[in-house]
Amino acid sequence: MRRSPRETIDSARRITRRGLILGGLQMGFAATLGARMHHLQVDQADEFRLLAEENRINIRLIPPARGRIFDRNGRVIADNEPTYRITLTREDAGDVTTVIGRLGQLVELDENDLNRALTEMERTPPFIPVTIAERVSWEDISRVAVNAPALPGVTTEVGLSRTYPQRDLFAHVAGYVGPVSERDLSRYEDPPPLLRIPRFQVGKVGLEAKHEELLRGTAGAKRVEVNAVGRVMRELDRREGTSGSDIQLTVDTELQEYVQARLAGESASAVVLGLERGDLLAIASAPSYDPNLFVRGISHTDFNALNQNDHRPLASKTVQDAYPPGSTFKMVTALAALEAGLLSPEDTTYCSGSYEVGSRSFRCWKRSGHGHVNLVGSLQHSCDVFYYDLSLKVGIERIAAMARRLGLGQAHPIPMSAVTSGLVPDKEWKRRERGAEWVIGDSVNAAIGQGFVLTSPLQLAVMAGRVATGRSVSPRLVRSIDGIETPHLGGDDLGLNPNHLMQVRKGMYAVSNDRRGTAYSSRIIAEGMRLAGKTGTAQVVSRITSEADPWEDRDHALFVNFAPYDNPTIAVAVVVEHGVGGSRTAAPIARDITLQALYNGDPPLGAYPAKDRKHIEAQQERLARERRARVEQMASRA
């Protein structure tokens, strides 16, 4: 069909309009593409030039400053110090042996560190710097800088390293840090990149390990230009990381220092517990060690000296070790009987020196016996027969339940390493763990803190504190984190009959203040400061021992107390390994520590019995000299 001229003109107009639209779109696309190309090739030319020619941008982590640790008064326990180190880049050095020889003429190089560096150098690419010497002095750095032309590949750097200014005082509390090991990395399914930084330090034991995540902080980062083989060309920008959290502990440095000095020469431990909030004012194990030895990696010689010491300086005896509590456990048995209505304060038991159970005879520590004794007298004289007889009436289940109520048999949640739960045995435990039934003899032994019963010094201090207050006092080691106070646990009423608690406290008071009490010689005579305590002796071998026996066979000596008697503010527990007897060895130490804590410093000599004052004065002078020498030594190190 033939089109009319009008239709032909209309068709041509439509085609032209579409062409214009299409052409406009194409021109718009071309203009956009051109603008984008101009932006990439001109505006961002410098940045993309860095990525060209086989160069790329890498992100390098910057280690954060580790959080510091303070005592309750703001004294530094763990700090960071700037340290100078010398590094060597193998590819820049050329002849490594020659360069190290020249360096050794300027700076004293530790042979172990040097061997470790040479081994590390073989495993790393030649363009990666390897640390040759750490913690060098500014004078050493200056000598290296002056002789830089003769030391190709040698550079000096400054960084932060952990330091423990109080040295051995808080080794078992704060712990220490050390270089990241394969064992540290194995704890993570996907280890944080920060741990891959060479010589990065992480907490190994103690609070440093328990609060590693808090103390570590978060890494910063820097963008660096590196070439195809990973060599740094230049730094582009930097973002600093966030320092770790600062942690303030409840411990008092001066009291801790006194406790550590008072325990010197013994394999022993002591805990001072504040009863208002459960603050651990001092928690010390002796002997101790200098955690600074571990920061860079301890030598085999130093480690073997610590590890082979029979007094076990590496052990946190206050929380890690568990001992039979001996007669300090008698308050538990007494309260269990009182609460069950099976004992009254007036009830007496006749002690002839031994107690027959079936065909077996259980002896009292006093072979001639104590005669008729009541509850207060049984604690005052520490009569074993009274508690042998009581155990058969009360039974192990009630005794075990009371022990747990008083804080035994549980790992208290404080951030120290290997906190033990001890052992409060019962019938189900023996059936499960020993595959045997509980027998009467087991109850008899448990009633005086022997047999299967095991407790730590920390648990014993908690027990004394709960008896003193009737509240569920729980220990607290961390006072605040970044200035925000941590909550204290416990403090609720235990639900024990106040009259029953009063009777047990009377017995403990008689132990230290009655002339016939087992700890009368270690009493406090200052009014308003008198203590109430309980001696304990835990057998190591199955016989009574003395100082004539080998040290490792002697009985452990224990003492627990609270003070002041009328208004208790602290509880103390002392354990002296192989100390023979609680009244002879542990009680005097606990008395001295108690007075030091109550007076917040050296107590007046009038607080001691007259016969002890000359000895105490000499002791105070000796400890004061040691304290001054320690301060001078710390100052010289600083």
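The values are calculated or read from the model by the stated rules, or taken from the named source; none is laboratory data. What you see is a predicted model; the values in this text were computed from it and never measured. Here the Cβ is made from the backbone with ideal geometry for all residues, glycine too, and neighbour counts use every protein chain on show.
Okay, here's what the table says:
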item	result
Positions within the stretch 370-418 being in contact (Cβ under 8 Å) with a residue 24 or more places away in the chain, assigned to a loop (DSSP other than H, G, I, E, B) and closer than 30 Å to SER521 by Cβ, in sequence order	ASN374, SER382, CYS383, LEU406, GLY407, LEU408
Residue satisfying all of: in the stretch 256-265; in contact with a helix residue (DSSP H, G or I) (Cβ under 8 Å, 6 or more places away or on another chain) and either of a type in the set (Val, Ile, Thr) or more than 11 Å from ILE593 (Cβ to Cβ) (or both); surrounded by the fewest Cβ atoms within 10 Å (Cβ to Cβ) among these	GLU257
Among (1) in contact with a Gly (Cβ under 9 Å, 6 or more places away or on another chain); (2) within 20 Å of LEU280 (Cα to Cα); (3) touching a residue at least 24 places away in the same chain (Cβ under 8 Å); (4) not aromatic (Phe, Trp, Tyr), the one test that SER421 misses	(3)
Residue in the stretch 517-533 that is surrounded by fewer than 17 Cβ atoms within 10 Å (Cβ to Cβ) and either among the basic types (Lys, Arg) or more than 30 Å from PRO603 (Cβ to Cβ) (or both) present	no
Residue within the stretch 427-448 that is of a type in the set (Val, Ile, Thr) and over 30 Å from GLU356 (Cα atoms) present	no
Single unsatisfied condition, PRO291 versus (1) touching a Phe, Trp or Tyr at 6+ places or on another chain (Cβ under 9 Å); (2) buried (at least 24 other Cβ atoms within 10 Å of the Cβ); (3) farther than 25 Å from SER417 by Cα	(3)
Qualifying residue in the stretch 568-585 (condition: more than 31 Å from the chain's Cα centre (by Cα) and in contact (Cβ under 8 Å) with a residue 24 or more places away in the chain)	no
Residue within the stretch 321-334 that is farther than 30 Å from ALA174 by Cα and of a type in the set (S, T, N, Q) present	yes
The listed residue being farther than 25 Å from ARG505 by Cβ, of a type in the set (D, E, K, R), assigned to a helix (DSSP H, G or I) and without any contact (Cβ under 8 Å) to a residue 40 or more places away in the chain, out of ARG367, ARG431	ARG431
Number of the exception - ARG360 against (1) touching a residue at least 60 places away in the same chain (Cβ under 8 Å); (2) of a type outside the set (Ser, Thr, Tyr); (3) surrounded by 22 or more Cβ atoms within 10 Å (Cβ to Cβ)	(3)
Filtered residues of the stretch 180-205 (kept if touching a Phe, Trp or Tyr at 6+ places or on another chain (Cβ under 7 Å) and either assigned to a strand (DSSP E or B) or closer than 21 Å to ARG312 by Cα (or both))	LYS204, VAL205
Qualifying positions in the stretch 69-118 - under 17 Å from SER137 (Cβ atoms) and part of a strand (DSSP E or B)	GLU81, PRO82, THR83, TYR84, ARG85, ILE86, THR87
Test: residue in the stretch 382-389 that is surrounded by fewer than 23 Cβ atoms within 10 Å (Cβ to Cβ) and not β-branched (Val, Ile, Thr)	yes
Only one of ALA597, ALA586, ALA573, ALA590 that is assigned to a strand (DSSP E or B) and either acidic (Asp, Glu) or touching a strand residue (DSSP E or B) at 6+ places or on another chain (Cβ under 7 Å) (or both)	ALA573
Output for the stretch 431-489, where each listed residue is polar (S, T, N, Q) and either on the phi > 0 side of the Ramachandran plot or buried (at least 17 other Cβ atoms within 10 Å of the Cβ) (or both)	SER443, ASN445, GLN450, THR455, SER456, GLN459, THR469, SER472, SER474
Odd one out for ASP110 among (1) within 30 Å of GLY217 (Cβ to Cβ); (2) touching a residue at least 60 places away in the same chain (Cβ under 8 Å)	(2)
Criterion violated by LEU342 - all others in (1) aliphatic (A, V, I, L, M); (2) at pLDDT 95 or above; (3) surrounded by fewer than 16 Cβ atoms within 10 Å (Cβ to Cβ); (4) farther than 20 Å from ILE448 by Cα satisfied	(4)
Any helices (runs of 4 or more DSSP H) falling wholly within the stretch 267-355 and containing at least 2 residues that are farther than 30 Å from ARG591 by Cβ	292-295, 300-307
Residues (among the charged types (D, E, K, R), modelled with pLDDT of 95 or more and either surrounded by fewer than 24 Cβ atoms within 10 Å (Cβ to Cβ) or part of a loop (DSSP other than H, G, I, E, B) (or both)) located in the stretch 534-566	none
Odd one out for GLY19 among (1) surrounded by 10 or more Cβ atoms within 10 Å (Cβ to Cβ); (2) modelled with pLDDT of 65 or more; (3) not in a helix (DSSP H, G or I)	(3)
Unique match (being assigned by TED's automatic domain parsing to the domain that holds HIS211 and of a type in the set (A, V, I, L, M, F, W, C)) among VAL144, VAL177	VAL177
Selection status of PRO152, under 37 Å from the mean Cα position of the chain (by Cα) and not in a strand (DSSP E or B)	no
